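What follows is a single structure, written as structure tokens, with notes after it.
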Amino acid sequence: MRARFSSLNPGDTMTDPVRIAITGAAGNIGYALAFRIAAGNMLGPDQPVSLQLIEIPAAAQALEGVMMELSDCAFPLLAGLQGFDSAEEGFKDVDIAMLVGARPRGAGMERKDLLLANAEIFSAQGRALNTAAARGCKVLVVGNPANTNALIASTNAPDLPPENFAAMTRLDHNRSLAQLALRCGGHVNDFQRMIIWGNHSSTQFPDIAHATFRGKPVTESVDKGWYRETFIPAVQKRGAAIIKARGASSAASAASAAIDTVRDWMLGTPEGDWTSMAIPADGSYRIEPGVFYSHPVTCRDGKAEIVQGLGCDAFARERMEATDAELREERDGVSDLLD
Ligand code: NAD
Ligand code: LMR
């Protein structure tokens, strides 16, 4: 695919554009993501962006169409626009890489069933990032199974810090807020300190033990039976419910969660709150290194730090360990890509 550069120029007073790669940019999530980033929804209204969109050759024509539309929006913040069918070229000097391009699951599949189909993509892209991306590049993995794909990409990019890689569990976090708002009769903004532990899969543990509703413990507003028997399974299986309803996996909500993740990572989490991100386990909460595990994190100055010192009761520990075990099983299934 021919690389193109748009004739759009940011004004003289603007700061340098942030270079952002999106893989799978002509796919469903990519189509929902690129326009919002170009509109300034991710990095703010004063930050120009330059998009480096990456697709496979079979989707080159579709990508050409997406780029035509991006140009036609005449976004004031879109300083550059290029399309690539090579990851190494597409990742050149990028500050942020959003790894979306991968096969989605269909009805009746678990996300880990995609591992064989998608794992190779993330080892090749890890190597390409290692060669081409800016050394401080932040890499968000969205393509499923996201946690293990992030591990594969990071392991194959040994010259980039592992802490600059993350897998997305913000969609699960946002889904949890939406379910709580419905149940409590509030708005998502009324809730803070939700946690998704573990894998972006049906073993994830959406934990409300530390969450607040209008400043008070959420547990005062919802009963244990609803939490355990309705809420947890609903969040764990929301992706499958959307596939059943839409006939395709979540796209706009996934793009929105990716934007939320990168915004908080780069610009900081709101004061007094935290978010959920799957980052390299470091022994915190007895989750040993070797997997990308979703934790509660606060972000400052481009660094995500695990919130420490939260109590975990026996109910929580059992679920945290189950999702950890699944991640280690997934990892063992791709050990050939982790050398
Ligand atoms: P899609 O099939 O609509 O689009 C995927 C795009 O990726 C296609 O255009 C395809 O050509 C492209 N692609 C495939 N291999 C590529 C490669 N090696 N390099 C660059 N591009 C490549 O799928 P979608 O709905 O956009 O979903 C993408 C992925 O995101 C899926 O794996 C899906 O399961 C996952 N997903 C994750 C979350 C999450 O919360 N982590 C949420 C929703 C979807
Ligand atoms: C989701 O959570 O919506 C995505 O991971 C897509 C899926 O397969 O469920």
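The values are calculated or read from the model by the stated rules, or taken from the named source; none is laboratory data. In this text, all values refer to a predicted model and were calculated from it rather than measured experimentally. In this analysis, Cβ positions are derived from the backbone assuming ideal geometry, glycine residues included, and neighbour counts consider all displayed protein chains.
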Output for segment 120-165, where each listed residue is surrounded by fewer than 21 Cβ atoms within 10 Å (Cβ to Cβ) and touching a residue at least 40 places away in the same chain (Cβ under 8 Å): E120, S123, T131, A132, A134, G136, T155, N156, P162, E163
Members of segment 88-107 that are without any contact (Cβ under 8 Å) to a residue 60 or more places away in the chain and either closer than 20 Å to G27 by Cα or within 11 Å of ligand 2 (Cβ to nearest atom) (or both): E88, R103
Top-ranked residue in segment 237-271 [being near ligand 1 (Cβ under 9 Å from one of its atoms) and part of a loop (DSSP other than H, G, I, E, B); ranked as surrounded by the most Cβ atoms within 10 Å (Cβ to Cβ)]: S250
Sole residue being under 23 Å from E326 (Cβ atoms), within 21 Å of the chain's Cα centre (by Cα) and not in a helix (DSSP H, G or I), chosen from G101, G126, G136, G143: G143
Candidate set from segment 176-198 (those that are touching a helix residue (DSSP H, G or I) at 6+ places or on another chain (Cβ under 6 Å) and surrounded by 24 or more Cβ atoms within 10 Å (Cβ to Cβ)); member that is farthest from T269 (Cα to Cα): G198
Among the candidates D301, D324, residue that is crowded, with 22+ Cβ neighbours inside 10 Å and over 18 Å from the mean Cα position of the chain (by Cα): D324
The one condition in (1) in a helix (DSSP H, G or I); (2) among the hydrophobic types (A, V, I, L, M, F, W, C); (3) surrounded by 17 or more Cβ atoms within 10 Å (Cβ to Cβ); (4) more than 14 Å from ligand 2 (Cβ to nearest atom) that W226 fails to fulfil: (3)
Among residues of segment 33-67, those that are in a helix (DSSP H, G or I) and either hydrophobic (A, V, I, L, M, F, W, C) or in contact with a Lys or Arg (Cβ under 6 Å, 6 or more places away or on another chain) (or both), counted: 12
Selected residue (criterion: modelled with the highest pLDDT) from residues of segment 91-118 that are among the small types (G, A, S) and more than 11 Å from ligand 1 (Cβ to nearest atom): A97
Residue match in segment 165-182 (condition: over 15 Å from S276 (Cα atoms), at pLDDT below 95, of a type in the set (A, V, I, L, M, F, W, C) and away from ligand 2 (no atom under 13 Å from the Cβ)): no
